[in-house]
Each structure stands twice: as structure tokens, then as C-alpha cells.
Amino acid sequence: MHSLCVIPGDGIGPEVTEAAVTVLQAVLPDLHIEHAEAGWGTFQRCGEAVPQATLDAMQRCGAGLFGAVQSPTMKVEGYRSAIITLRQRLKLSVNVRPVRSRPLVSPKPGVDLLILRENSECLYSGREHLSAEGVAVAERVITREACLALAERAVKVAKERGAWRITLVHKANVLPLTCGLFRDTCRAVLKDAGFEAIVDERLVDVAALQLTEAPERFDLILTTNLFGDILSDLAAHWAGGLGMAPSLNWGNGCALAEPVHGSAPDIVGTGRANPLAAMLSAALLLRHHWGLNNEAELIENAVERFLAKERQVDFAGQTTRRITMGVLAALG
Ligand code: NAD
Ligand code: MN
């Protein structure tokens, strides 16, 4: 039996996770579910964004579904974004972010790429301080260990999807030590695995332009944390926007599915949250963490069929409900 820890979080998080759980249960009827809390609301109630009980529940289940959390943009003493804490504390070292053209919602057909992003360090290492009045410093930490973890997952994913190109995205011309370590470590692992012929490199700024101009030129992209964060939101445009962008935080023995979008305070409570990103994130958990490829495809194909037969994306304030009913119907 599979266990899932559901962490709804703030804003539209509870709305989209509920929809995704309904769909997950349709393909996995004996799924055992636990609920746990995290986020800004949790921090305000109990002084911690990620209580120990939530970490314990995640460890117990070995798998989770996260909604979204809200974070203030100014420094709040003792607060740190819950999702970043979860990634680091649970050692969810790799983030999987596929981007595919979908009927109805995509601005362009033919895009099918996957960004694998390092998930625990880089400028998100949490080492930020004021070194003097008017001087703020953030340390960009890159370790061989984290690059190895990323590259090893890339080998697995490249085999599974029959990758035809692997693009390493970095900025080694300006950051030769950090980006150089990333590039050289990834290259060595990919070479050992027999992928040398399809490995390619791009500087991050050029990659951003090309992802805008010709996203179909990319297949598997490997990059560091901050670059991957930005490029994956950009690439999500081709899938139909943030409401369509899934991700999986992937560790050893533990994984956390997470829609790329945030808590969307502007639409919370209106019924307009698109739950497809959360549903497709659940599908990533099925495929990559539990190895349940058939169940993952059932969900992905149901989403595809649902979109193919819809005529308009505007669900007149009934988005979450209409989409959930539609996907359940397409599942049969
Ligand atoms: P956001 O993703 O919450 O919203 C950006 C825009 O996209 C908004 O107009 C929103 O309505 C729309 N949108 C997002 N998800 C949608 C969905 N499922 N269906 C329909 N529309 C959707 O990003 P933001 O506005 O920059 O940030 C809001 C809050 O979320 C901030 O506090 C931020 O820190 C937080 N955030 C959290 C995460 C996370 O939990 N992983 C990620 C990004 C931002
Ligand atoms: Mn992001």
C-alpha cells in the first residue's frame, strides 16, 4: 500500500491539493492519506513554518503532495519559506519540471522538454547576510555531491524518456568555479553513462532567449537551483502557464509533488484555481518515485483528453470544480 502526506499550505494550496487527491484516489483506490501543515498560516499560529510533526509525517509516508505557501518579501525573523525548508530538511535534492504542449491551453504545439534542477543549494543555501552598512551578500554554494545527485537522476530520466539532447545550462564564463564544478561534474557522469554525444551546453542568458524563441530545440535540461527556478517558470508559458506546470522534489526514498505556482492570493476562494498543475505533479510522483508508470499515464492522458474536448479555458468561476469533474470523467 502507498502512503501520501498531504500538505495543503496557504492560499489556493488546499483547493488544488483536494482536487489532485480526488484524482489520485481514482487511480490508486487503496492510497493511505495523512494530512500535515506548513506555511505562513502555520508560522503565524505556532511560530514555525514547518513543524517537526510535518517532517515526521513526510518521513513516515516517504511521499507527499504539497499545495503552495505564501511568503512575505521582507525579512521576518525566524521565518523561512516552508517549501525550501522541506526540500533541504528532507534532502529532496533534485527538482523535476516537465513542460509539454497541451491542447487548448498551449500557445504552441510540439514542446516536450524536461528541466532537472538542483534543489538544495546555490543561492538558496540560506547564507545571506549584511557584511557592512549598504552591503548585502548571498553565498552561491555548489557542491560536487549535489551535482552528482543531479547528474545521476539525469541519467535515469534520460534513459526512461529516450532523450535526444541533454543541455547543461550555466554561466561558467562569469562564475568559473561554481558553474565550472557543476558543468564538469555533470559532464563526467553523463559521459560514463554513454550520453556524451548528446550533451550540449548553453549560457543561462542565451538559454532564456532560446527557450522563448524555439523551445522545441530542447529536450532534457540540467541546471543549478536559481537558474532552474527562473527558466522553468519561463518554459511553463509553453505548457499554458503556471496553472499547468507540475514539479516533483525528488530525494532518496522520499519525494514531494508540488505545482510550480504559488498561493495565488488574488484568486483564492473564487473557485478559479486551476488544479491541473497539482494533478500532473501527482502523476510525476507516481512515475518517478513509485514507479507506477501506468497510473501516471492514466492521469496525464485523462488531462489531455479533457483539454482536447473543452472549447474554452474560462470556466466562469467554476474552474477547480469543472476541471476536477472533467478529468474524473475522462478517467472513466
Ligand atoms: P503565484 O504563482 O501565486 O501567482 C502568479 C499569478 O498566477 C497570479 O495571477 C495567480 O492568480 C496565477 N495563478 C497561479 N497559480 C494558478 C492556478 N493554479 N490557477 C490559476 N491561476 C493561477 O505567484 P506570486 O503571485 O508571485 O506569489 C504569491 C505568493 O506565493 C507569494 O507569497 C510567494 O512567495 C508564494 N509562492 C510560493 C511558491 C510555492 O509555494 N512553491 C511558489 C511561488 C510563489
Ligand atoms: Mn519558482
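The values are calculated or read from the model by the stated rules, or taken from the named source; none is laboratory data. None of the values given here were measured: they were computed from a predicted structure. FYI the Cβ positions are ideal-geometry reconstructions off the backbone, even for glycines, and counts take in every protein chain you see.
Please identify the pairs in which a residue from segment 225-238 that is under 9 Å from LEU211 (Cβ atoms) and of a type outside the set (Gly, Ala, Ser) has its Cβ atom under 7 Å from the Cβ atom of a residue that is assigned to a helix (DSSP H, G or I) and within 12 Å of ligand 1 (Cβ to nearest atom), counting only partners at least 6 apart or on another chain.
As it stands, the answer is none, since no pair meets every condition given.
Which of (1) touching a residue at least 12 places away in the same chain (Cβ under 8 Å); (2) over 15 Å from the mean Cα position of the chain (by Cα) is the odd one out, the single condition GLU77 does not satisfy?
(1)
Looking at this structure, is VAL69 of a type in the set (Val, Ile, Thr), away from ligand 2 (no atom under 16 Å from the Cβ) and in contact with a Ser or Thr (Cβ under 7 Å, 6 or more places away or on another chain)?
For VAL69, the condition - of a type in the set (Val, Ile, Thr), away from ligand 2 (no atom under 16 Å from the Cβ) and in contact with a Ser or Thr (Cβ under 7 Å, 6 or more places away or on another chain) - is not met.
In segment 248-276, what residues are on the phi > 0 side of the Ramachandran plot and within 9 Å of ligand 1 (Cβ to nearest atom)?
Going through segment 248-276, the residues on the phi > 0 side of the Ramachandran plot turn out to be 253, 264, 269, 271.
Residue satisfying the conditions is ALA264 alone.
Of all residues in segment 242-284, which are part of a helix (DSSP H, G or I) and among the aliphatic types (A, V, I, L, M)? Outline the logic, then answer.
Of segment 242-284, the ones part of a helix (DSSP H, G or I) are 242-244, 276-284.
Hits for segment 242-284 are LEU242, MET244, LEU276, ALA277, ALA278, MET279, LEU280, ALA282, ALA283, LEU284.
Just checking, how many residues over segment 165-195 are outside any loop (DSSP other than H, G, I, E, B) and either farther than 16 Å from LEU148 by Cα or of a type in the set (Val, Ile, Thr) (or both)?
Start the filter on segment 165-195 by keeping residues that are outside any loop (DSSP other than H, G, I, E, B), which leaves 166-170, 178-192.
Now restrict to residues that are either farther than 16 Å from LEU148 by Cα or of a type in the set (Val, Ile, Thr) (or both): 166-167, 169, 178, 185, 189.
So the answer is 6.
Kindly check whether there is at least one residue in segment 278-298 that is in contact with a strand residue (DSSP E or B) (Cβ under 9 Å, 6 or more places away or on another chain), modelled with pLDDT of 95 or more, among the polar types (S, T, N, Q) and closer than 20 Å to GLY67 by Cα.
Yes.
All but one of (1) within 9 Å of ligand 1 (Cβ to nearest atom); (2) surrounded by 19 or more Cβ atoms within 10 Å (Cβ to Cβ) hold for THR224; which doesn't?
So the condition that THR224 fails would be (1).
Could you list all residues from segment 15-36 that are crowded, with 16+ Cβ neighbours inside 10 Å and either among the polar types (S, T, N, Q) or within 19 Å of the chain's Cα centre (by Cα) (or both)?
Hits for segment 15-36 are GLU15, VAL16, THR17, GLU18, ALA19, ALA20, VAL21, VAL23, LEU24.
Output the number of residues of segment 21-43 satisfying the condition of being outside any loop (DSSP other than H, G, I, E, B) and under 16 Å from ALA68 (Cα atoms).
6
Which strands (runs of 3 or more DSSP E) sit wholly inside segment 62-156 and have at least 1 residues that are buried (at least 23 other Cβ atoms within 10 Å of the Cβ) and either at negative phi or not hydroxyl-bearing (Ser, Thr, Tyr) (or both)?
63-68, 94-100, 112-118
Collect the residues in segment 123-144 that are in contact with a helix residue (DSSP H, G or I) (Cβ under 9 Å, 6 or more places away or on another chain), at pLDDT 95 or above and not β-branched (Val, Ile, Thr), keeping them in residue-number order. Talk me through it step by step, then tell me what you get.
Taking segment 123-144 and keeping what is in contact with a helix residue (DSSP H, G or I) (Cβ under 9 Å, 6 or more places away or on another chain), we get 123-126, 140-144.
Remaining after also requiring at pLDDT 95 or above: 140-144.
Residues satisfying the conditions are ARG140, ARG144.
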